[in-house]
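A short worksheet on the structure shown next.
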Amino acid sequence: MKLGRTSMFALTLAAGLSASATDIVPSDYDGHGTILPELSTDKLFLAAWAAGLAVADTDRSGLVDGFDIEAYYKAAAADMNRDGSLGSADIGEMFARWVDADPIADLNFDGGVDGADIEAFFTAMESYDLPSQDALFDALWQTGNAEADLNGDGVIDRADRAIFEGSKKTSG
Ligand SMILES: [Ca+2]
Ligand SMILES: [Ca+2]
Ligand SMILES: [Ca+2]
Ligand SMILES: [Ca+2]
């Protein structure tokens, strides 16, 4: 990545995320008092994106760049049933919400619900990938990314993977 720290920060802000401590929701994942920040797919995506990992190439351009952040948020918005993937179930949900002019169907983020949002929906379905939390964690874990060090011991190993698997069970 050629982006410096400042533009990274600006992009993060533009994406509506903030790195402030108040966003971190502690959870006692193992019931033994071990506190772990709740895993956020957005956070894992941004870490994979910052590291230039292929899993973050959401617009399938072969490059990991700023367009992938936009594609990620558009794909995430098109995941109408919020199950973490884009599939046929989202199509029915999209039309139902679109007919009701539900703001959730405003997929081009222009404040209105119209034909352009249907177009944005199918563009996202056909052209963008929405990486799963599993795929993102895998990529970060395999490359030894600090974001995968869930127990904060400075080593990326099976213990961190066990925490990840455990967090999925508790968060459903
Ligand atoms: Ca790309
Ligand atoms: Ca979905
Ligand atoms: Ca719209
Ligand atoms: Ca660790």
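The values are calculated or read from the model by the stated rules, or taken from the named source; none is laboratory data. This is a predicted model, so every value here is computed, not measured. Reconstructed Cβ throughout: ideal geometry from the backbone, glycine too, with neighbour counts over all protein chains shown.
Values computed for the structure shown
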| read-out | value |
| --- | --- |
| Boolean, ALA96 is touching a Leu at 6+ places or on another chain (Cβ under 9 Å), among the aliphatic types (A, V, I, L, M), more than 18 Å from ALA47 (Cβ to Cβ) and assigned to a helix (DSSP H, G or I) | no |
| Condition check for LEU36: more than 13 Å from the chain's Cα centre (by Cα), more than 10 Å from ligand 1 (Cβ to nearest atom), within 21 Å of GLY144 (Cα to Cα) and modelled with pLDDT under 95 | yes |
| Residues located in the range 105-125, provided they are touching a Phe, Trp or Tyr at 6+ places or on another chain (Cβ under 6 Å) and under 18 Å from PHE67 (Cα atoms) | LEU107 |
| Criterion: exposed (fewer than 15 other Cβ atoms within 10 Å of the Cβ) and not hydrophobic (A, V, I, L, M, F, W, C) - qualifying residue of ASP129, ASP157, ASP149 | ASP157 |
| Residue ID - farthest from ligand 3 (Cβ to nearest atom), chosen from residues in the range 96-125 that are without any contact (Cβ under 8 Å) to a residue 12 or more places away in the chain and under 17 Å from ASN81 (Cα atoms) | ALA96 |
| Candidates LEU107, LEU53, LEU44 - the one that is within 16 Å of ligand 1 (Cβ to nearest atom), among the hydrophobic types (A, V, I, L, M, F, W, C) and modelled with pLDDT of 95 or more | LEU53 |
| Of the criteria (1) without any contact (Cβ under 8 Å) to a residue 60 or more places away in the chain; (2) under 17 Å from the mean Cα position of the chain (by Cα); (3) under 19 Å from THR123 (Cα atoms), which one ALA89 fails | (2) |
